[in-house]
Every structure is written in structure tokens, then in C-alpha cells.
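One structure follows; several queries about it will come next.
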Ligand code: PNS
């Protein structure tokens, strides 16, 4: 069994993430999409909400399992018997950070490889934080996230606005 892990914050999942997940799913028998549970990052969506959005987005991919994890990624990977971590890279600056993480993860867990997949050019500019900013100021995010994610994003921002008043 080839088992891979696609980790991230996914706050929320974008079409860029989804493209990487779809392409990575073809490389493994099972692909865990692993949401980092790190409240100190102050995410917009809770882990449960991010998992729901991911599950709906990947419903047509039978080998994909969406889970959350906390602590070190290498420990989660060992628990799942994974042989590789998959990350998408959008730009040279992404590469720099990803290479550092890949090397540190490899030193922490020598058998665990990191595969860096270049993001498809049409998605290379998409960033969850910018999608949230556009939605916050009323812009359309339809071209960057799946439809159900956009709807949840506006609903979440409206609810947050109400609560902050
Ligand atoms: O989507 P992100 O925020 O770029 O994902 C970053 C993530 C979750 C891959 C990274 O922060 C991570 O692996 N965190 C878990 C803690 C850990 O193992 N840190 C050491 C990395 S060398």
C-alpha cells in the first residue's frame, strides 16, 4: 500500500489545493488530506468546518481521507504508515520554505520523503488568505474556490460581522 499525506491549514480549501489533492491522489493507494489543528494560527474556520469543506470537495475521490492532526507532521505520518508528504508549490518563494520544511522533516524522519508538485499555472496566484480578504470586502471568489466553499465563506463572514457588532 502506498500511503501519502497532503497536509495544510486549508482555511479554506481553494481550487489550487484541490488540484494538488487530485493529482497527488493518483500517486498513492490512500491519500490523507491532513488539516493542521493549530488554534494559535487563529483560523477563520474551525477544524471541523475545514474538514467538512474538504470532504465535500473530495467526495468523488474514493482514495482520499480527510483528517485533522496536531503536533509534528512526521509523527502523524508515522502513525499512518505514510511514505511521502505532498505539497504544492506556487512560486520560487514557496520553494524556499518548502525545501526547508522538507529537509527538516527528512532529518526528523529519514524514511519519509516530501514530493513538491508545481501548482498548475492557472492556480499559482491563489492564496486562502487573499480569498478571505476579497470575500471580506464583498468581492466574488467564485473563480478561486469551489461553490460550496464560497457560500460557507460569505455565511461565516456575515455571522462573524454580526457577532463583532
Ligand atoms: O497550509 P500551510 O499552513 O502552509 O501548512 C503548513 C503545515 C501544516 C504543512 C506545517 O505547518 C506543518 O507541518 N505543521 C505541523 C507541525 C510540524 O511538523 N512542524 C515542523 C515542520 S518542519
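Bear in mind these aren't lab numbers, they're just calculated from the coordinates by the rules spelled out. Nothing here was measured: the structure is a model prediction, and the numbers come from that model.
Answer rounded, prolate or oblate for the stretch 58-165, using the Cα gyration tensor with square roots of eigenvalues a ≥ b ≥ c: rounded when a/c is under 1.5, else prolate when a/b is larger than b/c, else oblate.
Because a/c hits 1.5 or more and a/b exceeds b/c, the stretch 58-165 counts as prolate.
Is the stretch 90-136 rounded, prolate or oblate when judged by the Cα gyration tensor, a ≥ b ≥ c being the square roots of its eigenvalues, rounded requiring a/c under 1.5 and prolate requiring a/b larger than b/c?
The shape class here is prolate.
Right, another one. Give me the distance between the Cα centres of the stretch 141-165 and the stretch 14-47, rounded to whole Å.
Here the two parts' Cα centres lie 19 Å apart.
If you project the alpha carbons of the stretch 16-75 onto the principal axes, what extent comes out on each, in Å, largest first?
Reported extents, whole Å, longest axis first: 33, 25, 17.
Specify the angular offset, from 0 to 90 degrees and rounded to the nearest 10, of the alpha carbon long axis of helix 15-25 from the longest principal axis of the alpha carbons in the chain.
The angle comes out at about 30 degrees.
Also: Under the rule a/c < 1.5 gives rounded, and otherwise a/b versus b/c splits prolate from oblate, where does the stretch 102-160 land using the Cα gyration tensor?
In terms of gyration-tensor shape, prolate.
Follow-up question, since we're still on this one. In degrees, nearest 10, range 0 to 90: what is the angle between the Cα axis of helix 47-57 and the longest Cα principal axis of the chain?
80 degrees
What relative contact order, as a whole-number percentage, does the chain give when Cα pairs under 8 Å and 6 or more residues apart are counted?
In percent, rounded to a whole number, it is 27.
For the Cα atoms of the chain, what angle does the longest principal axis make with the long axis of helix 92-108, in degrees from 0 to 90, nearest 10?
The two axes meet at around 50 degrees.
Right, next: Which value in deg cm²/dmol, rounded to the nearest 500, describes the helix-derived mean residue ellipticity at 222 nm for the chain, given -39,500 (n - 2.57) per DSSP H run of n ≥ 4 and division by the residue count?
-14000 deg cm²/dmol
Along each of the three principal axes of the Cα atoms of the stretch 3-124, give the extent in whole Å, ordering the values from largest to smallest.
Largest first, the stretch 3-124 extends 34, 32, 32 Å along its Cα principal axes.
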